[in-house]
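No lab work stands behind these numbers, since they all come straight from the coordinates. Treat the numbers as computed from the prediction; the structure is a model and nothing was measured. No Cβ is skipped: glycine too gets one built from the backbone with ideal geometry, and neighbour counts run over all protein chains shown.
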Amino acid sequence: MKFAVKTIENKDAGQIDLDDAVFGVDVRGDVLHRMVHWQLNKRRAGTHKTKDVSEVSGTGKKPHSQKGSGAARAGQKRRPQTKGGGVVFGPVVRSHATGLPKKIRKLALRMALSAKTKGNKLVVIDTDAVKTHKTKPMATAMNGFGFESALIVGGKEIDPNFARATANIPRIDVVPSVGANVYDILRRDTLVLTKDAVSELTERLKG
């Protein structure tokens, strides 16, 4: 499909062909949900931990006689029933990552791109190269597009001036093409791609 290309000043810069196999697929909410679930699970640290009976500091000596004291029988002070004792079935350090086939992950990214295209939430700019690293002119440019929340995807490398200029603008995220992912695309209202990003994402996702 033909798609308009803009400059960073929101002026016309020609057109670009978007591959229907990447930007025009049918969108399924269940596939996007599985992908977001996979991403969020994978990034969990899993460093939560409690101490069980074997790890709690203290003696293993029997605190009192089995019978005759009037107290409940006890084998040691580190037992779970005692204050400061071990925790039963507490959380342990582990990975929360779940499995998802690579084909489904690629399909989900194609669907996320297609969802933005069909929802008129996709903008293609010619380049992310700018002359200055100042935030004010970049903020003015973003306001010219009407962006309140946007993910900007560049080529293999982001222009240093562009990265610095957008760093302090709220709700504007910038990633290279290799960092494009379903969660970040969906969490921002508008998706902005450079022409290099379109080319690289098409090459990465087609077929």
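When the chain is fully extended, how far beyond the present Cα-Cα distance does GLU203 get from ILE104, taking 0.36 nm per residue of separation?
Between GLU203 and ILE104, full extension yields 33.9 nm more.
Rounded to the nearest 20 debye, what is the charge dipole size of the range 50-90 about its Cα centre when +1 sits on each Lys and Arg Cβ and -1 on each Asp and Glu Cβ? All intermediate terms of the calculation are to be shown ahead of the outcome.
Values: 9 positive and 2 negative charges, 44 e Å.
That gives the range 50-90 a dipole magnitude of about 220 debye.
Can you grab the distance from the C-alpha centre of the range 145-207 to the C-alpha centre of the range 99-144, Å, no decimals?
4
Could you point to the residue in SER65, THR50, THR82 farthest towards the positive end of the range 50-90's charge dipole, with +1 and -1 charges on the Cβ of Lys/Arg and Asp/Glu respectively?
Working it through, the farthest residue towards the positive pole turns out to be SER65.
Could you state, as a whole-number percent, how many of the C-alpha pairs of the range 106-158 are farther apart than 13 Å? Before the final figure, lay out each step's value.
Numbers: 971 of 1378 pairs.
Here the tail beyond 13 Å accounts for 70 percent of pairs.
Rg (Å, one decimal) plus Dmax (Å, integer) for the alpha carbons of the chain?
Looking at the chain, its Cα Rg and Dmax stand at 26.9, 93 Å.
At a temperature of 10 °C and a viscosity of 1.306 mPa s, determine how fast the range 50-90 diffuses translationally according to Stokes-Einstein, using the Kirkwood radius over alpha-carbon pairs as Rh; express D in µm²/s, rounded to the nearest whole number. All intermediate terms of the calculation are to be shown ahead of the outcome.
Details: Rh = 10.7 Å.
Result for D is 148 µm²/s.
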